[in-house]
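Student: The following block contains the structure, expressed as structure tokens.
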Amino acid sequence: MPGKNIKFYSLILVLIDTFVLLGAFTIAYIARVQYDPRPLINNIHAYDYLRAFILIIPFWILVFAVLGLYQASTYNRRLVEYAKVAIGTFIGILLVIGWQYVSGDNILPARLVALYGLVAAFVLIIIEREAFRFIRSLMFRYGRGVSRVLLIGTSDVTSDIARNLADTVKSGYEVVAIAGPKKVVPAELAVYHYSVLERALNDIKINNITAIIQTDLYDSSERNQKILGAAQTHHINYSFIPGEAEFYSGKNTIDVFLGYPMISVHQTPLIGWGAIAKRIFDFIVSLILVIILSPVLLAIYLIKKIVDRGPAFYISKRLSRFSEPINLIKFRSMNPKYGSCDAAEDFRKMGRNDLALEYEKNRKVDNDPRITKFGKFLRATSLDELPQIFNVLRGDLSLVGPRPILPQETKLAHGRTALLHSVKSGVTGMWQVSGRSALSFDERIELELFYAQNWTFWLDIKILFKTVGVVLRKKGAK
């Protein structure tokens, strides 16, 4: 979202939310009082009812603001916004009930008014937000409110940002010019290229630039100051995005140290109360799942014993948070004589060097001959993963997190194991909902690094819902 429009857009949302909430409770009043023949608990005049809600709504808007519903990081992400609207409307109803209790004044003619108001408020605000999202995209499509960007940098990050901002209808940005080496200019983008920084800065007015984004600092502080000075001279926005992802991923805190601003970089935002809340959530949900799924677990155990014989469970040594070893529990899907060593070694013992090479390259193979017929069914339906809820219950795993890797896979992570294991591994995660077996090992690692560095509770909820869909469609299971 272009910086110069954020405050205006947020202000509009505040005003419209106010009228929408008032409209929602007007609808709730009319629906119960005029169209429901049942007697009312309190005879509340419409004027007194509306006057009370006019006093309550500012506090409701404040709740929305605290939840971040007027921040670009929320209204640019549809699912996060929906979840926060649901929480905000629920808290708002509690405010109404609390107001009635504390003030001693009856403001609800019937209990159903609160329920009608809750539903109407949620539905109307979602409709309103979608309408604004459509209008904003329409404005961007016709160049209204778009920030014209001069992108300055020398790294791959510069190219990546240029590509991501290229869809102006979604981003609200138009990359007009790029200052840097030719290699950072994406071939598919029609932009001005400046190999000399000073020429790009001189053409700011000619190109009607309204924002500068810099991705790499120059060795010369004088050149860096020149960029900032140009932004200040032309009264346009200036943003700096570090080219090294580690400096802005995770959770960063800014403080003053010996009179200097100090940025402390944590590996992951999953620290403090976030980690505590995640563990409580994991424990409660896994306990419920163990109770609900116990008949299924027992049935699979018995079938496994009858059909395949041998041990029903497979215990695999994996690495989780801080690279600590855990015993991962799964239903055994392969013949009991396999699985005690690395898969490549198993394949070579079988005389299948082709499969050993395929596994060493991709860390997976198609049509693994070690898997039994019932094991194929378990893997296709992901039922072999169910016993991992016991790992979650005892704290070895989280419901959502990076996939616990085998000890021998650490060398394949190219030194990124420490960052990958800054959070607890999970039963499901980014890779499971983004292609599963269709992804290469390196692609999987990149996704899981993104999760570790950008964790939010809402991201966990989103992944859990997506996992259900992926499992039901049997997408990517091998």
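The values are calculated or read from the model by the stated rules, or taken from the named source; none is laboratory data. The model shown is predicted, which means the values in this text are computed figures rather than measured ones. A quick note on method: Cβ atoms are made from the backbone with ideal geometry, for glycine too, and the neighbour counts reach across all protein chains shown.
Student: Could you list all residues from region 147-172 that are aliphatic (A, V, I, L, M), outside any loop (DSSP other than H, G, I, E, B) and without any contact (Cβ under 8 Å) to a residue 24 or more places away in the chain? Lay out the reasoning, then the answer.
Tutor: Step one: filter region 147-172 for residues aliphatic (A, V, I, L, M), giving 149-152, 157, 161-162, 165-166, 169.
From the residues that got through so far, the ones that are outside any loop (DSSP other than H, G, I, E, B) too are 149-152, 157, 161-162, 165, 169.
The answer is L165, and nothing else.
Student: With the checklist (1) modelled with pLDDT under 85; (2) among the basic types (K, R); (3) in contact with a Lys or Arg (Cβ under 9 Å, 6 or more places away or on another chain) in hand, flag the one item K424 doesn't pass.
Tutor: Failing condition for K424: (1).
Student: Here's a follow-up. Quick check on region 384-391. Is at least one of its residues within 29 Å of L298 (Cα to Cα) and not assigned by TED's automatic domain parsing to the domain that holds Y301?
Tutor: No; the residues of region 384-391 include none that is within 29 Å of L298 (Cα to Cα) and not assigned by TED's automatic domain parsing to the domain that holds Y301.
Student: Follow-up. Give region 173-192 a look and list any residue that's more than 14 Å from I209 (Cα to Cα) and either assigned to a loop (DSSP other than H, G, I, E, B) or touching a Gly at 6+ places or on another chain (Cβ under 8 Å) (or both), or say none. Talk me through it step by step, then tell me what you get.
Tutor: Taking region 173-192 and keeping what is more than 14 Å from I209 (Cα to Cα), we get 180-190.
Selection gives G180, P181, V184, V185, P186, A187, E188, L189, A190.
Student: Right, another one. Mind checking whether some residue in region 270-289 is buried (at least 18 other Cβ atoms within 10 Å of the Cβ), under 36 Å from the mean Cα position of the chain (by Cα) and either among the basic types (K, R) or part of a loop (DSSP other than H, G, I, E, B) (or both)?
Tutor: yes
Student: Please count how many residues of region 221-256 are at pLDDT below 70 and in contact with a strand residue (DSSP E or B) (Cβ under 9 Å, 6 or more places away or on another chain).
Tutor: Residues in region 221-256 being at pLDDT below 70 and in contact with a strand residue (DSSP E or B) (Cβ under 9 Å, 6 or more places away or on another chain): 11 in total.
Student: In this structure, does I371 turn out to be touching a strand residue (DSSP E or B) at 6+ places or on another chain (Cβ under 6 Å) and either surrounded by fewer than 18 Cβ atoms within 10 Å (Cβ to Cβ) or modelled with pLDDT under 90 (or both)?
Tutor: Yes; evaluated as a whole, the condition is true for this residue.
Student: How about region 197-214: which of its residues are in contact with a Phe, Trp or Tyr (Cβ under 8 Å, 6 or more places away or on another chain) and part of a loop (DSSP other than H, G, I, E, B)?
Tutor: Once the filter is applied, which keeps residues that are in contact with a Phe, Trp or Tyr (Cβ under 8 Å, 6 or more places away or on another chain) and part of a loop (DSSP other than H, G, I, E, B), region 197-214 yields D203, N207.
Student: Take Y192 and tell me if it is within 18 Å of R163 (Cα to Cα) and not aliphatic (A, V, I, L, M).
Tutor: When the stated conditions are applied, Y192 passes them.
Student: Counting residues that are aliphatic (A, V, I, L, M) and surrounded by fewer than 16 Cβ atoms within 10 Å (Cβ to Cβ), which helices (runs of 4 or more DSSP H) fully inside region 38-103 reach at least 2?
Tutor: Values: elements: 46-66, 72-75, 78-103.
Correct list: 46-66, 78-103.
Student: Name every residue in region 459-478 that is modelled with pLDDT of 85 or more and not hydroxyl-bearing (S, T, Y), in order of residue number. Before you say what the answer is, go through the steps one by one.
Tutor: Here is the first cut: in region 459-478, the residues modelled with pLDDT of 85 or more are 459-467.
Passing the criteria: L459, D460, I461, K462, I463, L464, F465, K466.
Student: Regarding L79, is this residue hydrophobic (A, V, I, L, M, F, W, C), over 26 Å from the mean Cα position of the chain (by Cα) and closer than 29 Å to K170 by Cβ?
Tutor: No: the conditions fail for L79.
Student: Would you pick out the residues in region 115-133 that are crowded, with 17+ Cβ neighbours inside 10 Å and more than 18 Å from F64 (Cα to Cα)?
Tutor: Across region 115-133, the qualifying residue is only Y116.
Student: Given the residues L289, L302, L297, L328, which is the only one that is aliphatic (A, V, I, L, M) and touching a Ser or Thr at 6+ places or on another chain (Cβ under 6 Å)?
Tutor: L328
Student: Then there's this: Would you confirm whether or not region 188-203 contains a residue that is at pLDDT 90 or above, under 31 Å from the mean Cα position of the chain (by Cα), surrounded by fewer than 20 Cβ atoms within 10 Å (Cβ to Cβ) and not hydrophobic (A, V, I, L, M, F, W, C)?
Tutor: no
Student: Can you run down the residue pairs with Cβ atoms below 7 Å, 6 or more apart or on separate chains, where the first is in region 209-220 and modelled with pLDDT under 90 and the partner is in a loop (DSSP other than H, G, I, E, B) and polar (S, T, N, Q)?
Tutor: Here the result reads T215/S155; D216/T154; D216/S155, each pair linking region 209-220 to a residue that is in a loop (DSSP other than H, G, I, E, B) and polar (S, T, N, Q).
Student: Report the residue count in region 159-175 for those that are in contact with a Lys or Arg (Cβ under 7 Å, 6 or more places away or on another chain), modelled with pLDDT under 85 and not hydrophobic (A, V, I, L, M, F, W, C).
Tutor: Matching residues across region 159-175 total 0.
Student: So C341 clears everything in (1) crowded, with 17+ Cβ neighbours inside 10 Å; (2) of a type in the set (A, V, I, L, M, F, W, C); (3) part of a loop (DSSP other than H, G, I, E, B) except one condition, right? Which one?
Tutor: Of the numbered conditions (1) crowded, with 17+ Cβ neighbours inside 10 Å; (2) of a type in the set (A, V, I, L, M, F, W, C); (3) part of a loop (DSSP other than H, G, I, E, B), the odd one out for C341 is (1).
Student: Which of the residues that make up region 1-57 are among the acidic types (D, E) and at pLDDT 85 or above?
Tutor: Selection gives D17 alone.
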